[in-house]
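Asker: My questions all concern the structure below.
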Amino acid sequence: MTPHMDEKLEPIFQEVIQRNPGETEFHQAVREVLETLGPVLVKHPEFTHHKIIQRICEPERQIIFRVPWQDDSGEVHINRGFRVEFNSALGPYKGGLRFHPSVYLGIIKFLGFAQIFKNALTGLPIGGGKGGSDFDPKGKSDDEIMRFCQSFMTELYRHLGEYTDVPAGDIGVGGREIGYMFGQYKRITNRWEAGVLTGKGLDWGGSLVRTEATGYGATFFVNEMLKVRNDSFEGKICTVSGSGNVSIYTTEKITELGGKVVACSDSNGVIYHEKGIDLELVKQLKEIERRRIKDYVSYHKDAKYITGGNIWEIPCQVAMPSATQNEINGKDAKRLIQNGCIAVGEGANMPTTPEGIRVFLDAGIAYGPGKAANAGGVATSALEMQQNASRDAWPFDFTEKKLEDIMINIHADCFATAEEYGAPNNYVVGANIAGFIKVAKAMVALGLI
Ligand code: NDP
Ligand code: 2IT
């Protein structure tokens with residue numbers, strides 16, 4: 001099915017482009033959602049009457065600020081900080097912070113927009129938001145990271161709160177950065193307010209399973225798509241791009257479910273290890289020593305490092321993009337299909353271009369879009385907020401089971417919604433419509449705000 005924009009929605013989309021010039025990733029994310037909403041407006045004329053689409057495309061609040069900091073030699077640097085508080089109909093703004101040199105408003109807005117529908121799909125009380133900075137953490141000392149995080153929070157704190165806006169990690173932001181930001185928030189506000197950030201350390205308010213949640217959740221989602229096709233991970237050859245948080249725990253869960261991950265990557269190159277990726281080594285290199293993935297081959301002589309390589313050229317049955325946006329284009333998607341790929345689950349946000357998505361949908365493979373497949377991370381953040389609110393800490397297995405149940409429900413919701421709207425097996429249609437309807441109904445109920 002080739003998506004096309006409904007004639008009522010086309011002028012709304014054109015207005016979004018005009019009002020947000022140059023924000024190409026934001027336009028892409030809005031187009032992907034609006035292309036699926038035509039039939040919803042037929043069933044729900046009240047959404048048109050209340051201008052829900054126009055309202056949902058305009059963030060409730062956008063904050064852009066200066067982040068000055070000093071490096072170890074005393075030189076001053078200026079970065080730009082962002083927080084886009086997109087929609088709070090269902091709960092406090094919730095979504096990660098990304099530190100990467102490519103960050104600008106268009107990236108934060110695409111992530112924030114997708115987050116609204118993703119968070120709604122979890123069924124938990126969280127609105128949508130996203131933030132970050134064009135700061136590049138690569139090569140920075142621990143002290144430099146701390147000073148940057150403190151400066152970032154010195155402005156951001158006034159916009160946060162457990163009932164207002166609750167950030168977490170994303171690219172370039174993990175437990176270390178959340179720690180420095182939590183410390184600065186506590187110092188400025190004089191409040192030990194656990195619920196203000198998620199992804200905290202286990203000794204100071206964090207939740208078991210949050211570190212693993214996005215990768216585990218994405219794998220559970222793909223497992224559900226495979227089950228529908230009377231299939232499983234057992235014996236499947238898989239490739240998982242990236243080598244950060246999402247990639248690592250996707251690989252861990254795939255392996256537990258009987259699959260074999262033969263390749264991972266970073267922005268410089270690809271590791272191919274036919275025997276199966278040695279995950280303990282990847283954890284040691286990336287989580288502890290903060291090194292590059294190319295160092296993997298100095299420990300495994302039978303593995304190959306392909307400088308500047310394209311991981312999607314490696315034959316696999318299941319592909320799980322877990323690095324960044326637009327990492328699979330139309331050509332990559334065709335190559336994956338030709339090589340026998342039967343399932344794609346997006347751990348990353350918007351990793352497949354519109355052309356790539358078309359190829360997957362036309363081929364009829366199991367394609368799980370990010371806002372459904374990677375919702376396990378933010379869902380477990382919401383479980384962390386529940387534990388913080390009750391000053392409780394749940395055991396690992398209990399929390400993992402909750403995560404698995406949430407992913408099973410999201411899959412079932414997307415699957416049923418796609419059928420209901422005449423697009424069976426199309427999880428793009430299912431995820432966009434199911435997520436949108438939950439938010440739209442709440443927006444109608446809350447009045448014109
Ligand atoms: P990490 O910072 O832990 O890891 C990011 C990985 O992706 C690294 O291997 C990095 O390589 C690679 N990467 C990042 N940017 C690029 C780029 N422009 N080109 C090529 N490779 C790149 O981040 P996460 O694992 O947390 O995030 C990965 C993806 O998952 C993102 O799309 C994020 O939005 C999404 N996500 C994350 C969630 C979470 O809970 N953390 C939840 C839901 C989605 P290098 O080191 O070379 O930069
Ligand atoms: O994209 C995402 O869902 C995240 N980076 C996680 C957000 C969160 O608040 O846990």
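Asker: Please determine whether any residue of region 60-73 is of a type in the set (D, E, K, R) and surrounded by 15 or more Cβ atoms within 10 Å (Cβ to Cβ).
Answerer: The answer is yes; a qualifying residue exists.
Asker: Can you tell which of E224, E177 is in a helix (DSSP H, G or I), buried (at least 20 other Cβ atoms within 10 Å of the Cβ) and within 15 Å of ligand 2 (Cβ to nearest atom)?
Answerer: Exactly one of E224, E177 is in a helix (DSSP H, G or I), buried (at least 20 other Cβ atoms within 10 Å of the Cβ) and within 15 Å of ligand 2 (Cβ to nearest atom), namely E177.
Asker: Would you point out which residue out of G139, G74, G91 is part of a loop (DSSP other than H, G, I, E, B), farther than 29 Å from G217 by Cβ and away from ligand 1 (no atom under 13 Å from the Cβ)? Outline the logic, then answer.
Answerer: Numbers: G139 fails: away from ligand 1 (no atom under 13 Å from the Cβ); G91 fails: farther than 29 Å from G217 by Cβ.
Going through G139, G74, G91 in turn, just one is part of a loop (DSSP other than H, G, I, E, B), farther than 29 Å from G217 by Cβ and away from ligand 1 (no atom under 13 Å from the Cβ): G74.
Asker: Also, I was wondering about something else. Please determine whether any residue of region 406-415 is at pLDDT below 95 and on the phi < 0 side of the Ramachandran plot.
Answerer: Scanning region 406-415 turns up no residue that is at pLDDT below 95 and on the phi < 0 side of the Ramachandran plot.
Asker: Search region 86-108 for residues that are within 15 Å of I178 (Cα to Cα) and pair each with any residue that is in a loop (DSSP other than H, G, I, E, B) and more than 11 Å from ligand 1 (Cβ to nearest atom) when their beta-carbon atoms are under 8 Å apart and the residues are at least 6 apart or on different chains.
Answerer: K94/I126; K94/G127; F99/F135
Asker: Here's something else I'd like to know. Filter region 262-317 for residues that are part of a helix (DSSP H, G or I), within 25 Å of K331 (Cβ to Cβ) and β-branched (V, I, T) and give the result.
Answerer: Those that are part of a helix (DSSP H, G or I), within 25 Å of K331 (Cβ to Cβ) and β-branched (V, I, T): I293, I311.
Table: residues versus (1) of a type in the set (V, I, T); (2) within 13 Å of ligand 2 (Cβ to nearest atom).
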residue: Q184; (1), (2): no, no
residue: T189; (1), (2): yes, no
residue: W192; (1), (2): no, no
residue: G205; (1), (2): no, no
residue: T214; (1), (2): yes, yes
residue: G235; (1), (2): no, no
residue: S243; (1), (2): no, no
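Asker: If I filter region 202-213 down to residues being outside any helix (DSSP H, G or I) and either under 20 Å from the mean Cα position of the chain (by Cα) or within 15 Å of ligand 1 (Cβ to nearest atom) (or both), which single residue comes out as nearest to K253 (Cα to Cα)?
Answerer: Out of the qualifying residues, it is V209.
Asker: For G112, indicate whether it is within 14 Å of ligand 1 (Cβ to nearest atom) and either part of a strand (DSSP E or B) or modelled with pLDDT of 95 or more (or both).
Answerer: yes
Asker: Continuing with this model, one more query. What tally of residues in region 237-256 results from selecting those that are surrounded by fewer than 18 Cβ atoms within 10 Å (Cβ to Cβ) and not charged (D, E, K, R)?
Answerer: Residues meeting the conditions: 1.
Asker: Against the conditions (1) within 17 Å of V261 (Cα to Cα); (2) over 20 Å from the mean Cα position of the chain (by Cα); (3) away from ligand 1 (no atom under 13 Å from the Cβ); (4) not aromatic (F, W, Y), where does V318 fall short? Just the number, please.
Answerer: Only one criterion is unmet by V318, namely (2).
The values are calculated or read from the model by the stated rules, or taken from the named source; none is laboratory data. Everything numeric here is computed off the predicted structure, so don't read it as measured data. With ideal geometry, Cβ positions are generated from the backbone for all residues, glycine too; neighbour counts draw on all protein chains shown.
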